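Right, one structure below, let's go through it.
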Amino acid sequence: MNAAPQAAPALRVDGHGAAATVTLTGDWTLRALLPRLSVVQAALAEVHGVAVWDLDGVIRLDTFGATLLWRHWGRQRPARLQVPTILDENFVRLAALGGPSVPVAPPYRFLDATAHLGRLAIGFGRHLADFTALVGQILLDALHLLGDRQRWPWREMSANFYKVGVKAMPVTALVGFLIGVVLSYLSALQLRAFGADIYIVNILGLGIIRELGPVLVAVLVAGRSGSAMTAQLGVMRVTEEIDALATMGISRYVRLVLPKVVALFLAMPLLTLWCSAVAIVGGMVSAWLQLGIGFEYFLQALPRAVPFPNLVIGLSKGAAFGALIALVACHFGLRVKPNTESLAAHTTASVVTAITLVILTDAVFAIATRSIGVPG
């Protein structure tokens, strides 16, 4: 069945000024208007002060043609409009849509900055309260499980220990070796100028074992394992798996949070020891190439330059950083809302917060242990 032939849209103006009448005929549809759209728009632009709009001669009118006329009328019906009822439905729908809403920026007020600071303070307080509640719940669950070994999530802890500890060894070794090389190279340039080559052992030993090793591993683990923990819990929130655990009567803290905290608490000191050892090897290689200090002398001088308490402080930092990173990651993971935007935002916030808290905690350790393990 062939479609009815199209009639070209036409516009005729009778009279002048306020007594003018505009008569529209033909098909005012997208298909008919598109070939001659510029001509029709130019003709409409020349029409001003019209008293009557006569659309009785229009055969077809679609949304495109109605919108073209509606915009020319200033998004309101003319005072005198003659239009068939079947075609008037297009203008009724356009009138129901209303005018274009342009967002207007609220005027600046003096207290806006204060209100913003207040919102930030309230948000920080809520995070702090929820984080404290999470830590308290983990401690209560751990105390409750002390008398019942069978209920400990051993498999989950073993799996998390492997993922956050064993699988992180290659990247921590690579970064540690390179940091040791760079630190030794830069120190050698300065020490050679003053003839104090042998003190490179002191700089590398104290710097890596006491400070740089734990912090470096913590930053790597926060970016690698902390983000993975937050994303895992966030996806479980999106897919409602955590709600399913609660329905089955399984504690999400015992099955999801506690294994991650324990695994990272145990793995971080070992990763710190591993990364520090590889970093010292890198420093030894660089010292041998730059200053000609042999490996045997380096290993003999290292225990005298770095007393044993420094190793204890470094490993203690690693354990504290590990527990802190896991708690922060789980805190943000459990706060994820069931949408992907919230998942991305909380994962980013988890990494940034963990690294910030690691640096703050390291500063507290430095102040608290400033007189321990430092040779006189």
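In terms of packing, defined here as the mean over residues of other Cβ atoms within 10 angstrom, the peptides 235-245, 177-187 line up highest first as 177-187, 235-245. Over all other residues within a Cβ to Cβ distance under 15 Å of LYS163, the charged ones net out to +3, with Lys and Arg as +1 and Asp and Glu as -1.
Placing pseudo-labels 7 Å out from each Cα toward the beta carbon at ASP197 and ASP62 gives an inter-label distance of 8.7 nm. To the nearest ten degrees, helix 112-145 and the longest principal axis of the Cα atoms of the chain are 50 degrees apart. Compared with the dominant principal axis of the Cα atoms in the chain, helix 63-72 is inclined by about 80°.
Label-point separation (nm) for TYR162 and LEU140, each offset 7 Å from Cα along Cα-to-Cβ? About 3.3 nm, to one decimal.
Using only Cα atoms, what Kirkwood radius does segment 54-192 have, in angstroms? The answer is 24.9 Å. Among the listed values (1) 27.4; (2) 21.1; (3) 22.8, the one computed from these coordinates for Kirkwood radius over Cα pairs in Å is (1).
Solvent-accessible surface of protein heavy atoms, probed at 1.4 angstrom with all chains present, puts ILE138, ILE86, ILE359 in the order ILE86, ILE359, ILE138, largest first. Highest average first, the peptides 263-269, 315-321, 156-162 ordered by how many other beta carbon atoms sit within 10 Å of their residues are 263-269, 315-321, 156-162. Principal-axis analysis of the Cα atoms of the chain puts helix 258-291 at an angle of about 70° to the longest axis.
Note on segment 138-179: Cα-only Rg and Dmax are 15.7, 46 Å.
At a Förster radius of 35 Å, what calculated FRET efficiency corresponds to the Cβ-Cβ distance of VAL52 and ARG31, to the nearest 0.05? All intermediate terms of the calculation are to be shown ahead of the outcome.
Values: r = 28 Å, r/R0 = 0.79.
With a Förster radius of 35 Å, E is 0.80.
In terms of solvent-accessible area of protein heavy atoms at a 1.4 angstrom probe, what is the ranking of LYS163, LYS337, highest value first?
LYS337, LYS163
Taking only protein heavy atoms into account and a 1.4 Å probe, give the accessible area per residue of the chain in Å². Write down the numbers at each step before the final one.
Values: 21300 Å² over 376 residues.
Here the residues of the chain average 57 Å² of exposed surface.
Taking Rh as the Kirkwood radius computed over C-alpha pairs, what is the Stokes-Einstein D of segment 257-308 at 37 °C in a medium of viscosity 0.692 mPa s, expressed in µm² per second? Answer from the Stokes-Einstein relation: 253 µm²/s. Extending 7 Å from Cα along the Cβ direction at LEU245 and again at LEU44 yields two label points whose distance is 6.0 nm. The phi-based Karplus calculation (6.51 cos²θ - 1.76 cosθ + 1.60; θ = phi - 60°) puts the 3J(HN,Hα) values of segment 342-352 at 5, 4, 5, 5, 6, 5, 5, 5, 4, 5, 5 Hz, whole numbers, x for Gly and Pro.
Evaluate E = 1/(1 + (r/R0)^6) for SER316 and ALA115, where r is the Cβ-Cβ distance and R0 equals 45 Å; express this FRET efficiency to the nearest 0.05.
The calculated FRET efficiency here is 0.60.
The values are calculated or read from the model by the stated rules, or taken from the named source; none is laboratory data. This is a predicted model, so every value here is computed, not measured. So basically every Cβ, Gly included, is an ideal-geometry build from the backbone, and we count neighbours across all protein chains shown. Calculation scope for accessible area: heavy atoms of the full protein, side chains included, ligands and nucleic acids excluded. Shrake-Rupley method; radii C 1.70, N 1.55, O 1.52, S 1.80 Å.
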